[in-house]
Amino acid sequence: MAEKSFDPVANTQEAKAFYDNNGLKISKYFVPHYYEVSSSALSGIRAMGGEFLGIHAARQPLFWRFAMDTLWSTRLNNDGPASNEYYPVYYGGYVNLNGLVFFNCLTEIRDDGTYEWYPDNNVTTTAAGSIRHLRRAINSMVLPSLFTHERYFGDITATNFRDILSQITTSMSGYNPEYTSTDYAVQYIRATTNIKITNVREMTSQIEISYTGTNDMDTKCYLFNEQSGQITYRLVGLPL
């Protein structure tokens with residue numbers, strides 16, 4: 001239960017004023033603390049340009065939050081008890097919250113190093129854990145991300161943090177990652193959700209891919225091929 005003095009609308013307005021007063025750009029992607037957002041704050045978030053949320057989508061009338069005794073829902077609309085905080089989760093779909101539609105997107109690898117990333121001043125262990133988390137996400141074809149709290153960076157020296165990032169980027173280079181803003185990445189995932197491939201036809205010198213839906217950006221799909229037991233793939237552009 002929220003404290004009596006807690007005013008979600010006022011807090012949302014205060015946050016916007018901070019960004020405006022300091023000339024900061026507001027992201028379109030909002031991740032509320034503990035995944036909890038009041039229904040009364042949603043209109044303010046939308047007015048600030050919010051299109052994307054990162055929450056554990058529980059079905060409750062006023063608050064949407066992750067808790068040990070609530071339910072979680074996946075992008076395939078499967079239900080299950082959230083009795084174990086060490087279940088990895090991925091969300092990539094629309095949620096309708098009090099009549100306002102947001103795209104909900106969140107990836108957390110929770111069964112390796114527990115709840116979050118937890119970086120520290122040990123370059124070797126922090127880099128290794130980071131790489132495992134990112135590989136798990138990419139191999140699952142979901143948004144890779146490293147989630148933690150700001151307080152953990154305070155004990156990491158600048159030199160060690162650069163070394164950690166260097167090891168991560170070097171190890172992940174084999175995946176040919178595209179470095180973008182989170183806003184762009186989540187918008188891209190929304191775009192892939194907005195279309196559906198309806199047919200793939202192989203012709204003599206080309207592949208014809210048919211799809212339906214509407215989008216706000218170009219996307220790509222994987223085209224897999226098998227020959228003599230060897231599977232290869234390439235990315236094929238799907239224009240607007």
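The values are calculated or read from the model by the stated rules, or taken from the named source; none is laboratory data. Computed from a prediction, not measured in an experiment: that's the story for all the values here. FYI the Cβ positions are ideal-geometry reconstructions off the backbone, even for glycines, and counts take in every protein chain you see. Areas reflect the complete protein model, heavy atoms only, side chains present, ligands, DNA and RNA absent. Shrake-Rupley method; radii C 1.70, N 1.55, O 1.52, S 1.80 Å.
Summary table below
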item	result
Cα→Cβ-extended label distance, 7 Å offset, between Y86 and T125, nm	1.6 nm
Ordering of 88-97, 209-218, 195-204 by burial proxy (mean other Cβ atoms within 10 Å per residue, highest first)	88-97, 209-218, 195-204
Environment charge at R132 (Cβ cut-off 14 Å; Lys +1, Arg +1, Asp -1, Glu -1)	-1
Karplus 3J(HN,Hα) series, Hz, for the range 30-45 with 6.51 cos²θ - 1.76 cosθ + 1.60 (x for Gly, Pro)	10, 10, x, 4, 6, 6, 9, 9, 6, 4, 6, 8, 5, 5, x, 5
Value of Rg/Rh across the chain [Cα atoms, Kirkwood radius]	0.99
Average accessible area per residue (Å²) across the chain - probe 1.4 Å, nucleic acids and ligands excluded	63 Å²
0 to 90° range, to nearest 10: angle between helix 182-193 axis and the chain longest Cα axis	60 degrees
Shape parameters for the range 120-240, alpha-carbon atoms, Rg then Dmax in Å	18.8, 60
With Cα atoms, 0 to 90° folded angle of helix 123-139 axis to the chain main axis	60 degrees
Area of T159 that stays accessible when all protein chains are in place (1.4 Å probe, Å², to 10)	90 Å²
Rounded to whole Hz, the Karplus (6.51, -1.76, 1.60) HN-Hα couplings of the range 228-240, x for glycine and proline	6, x, 9, 9, 10, 8, 8, 8, 10, x, 10, x, 4
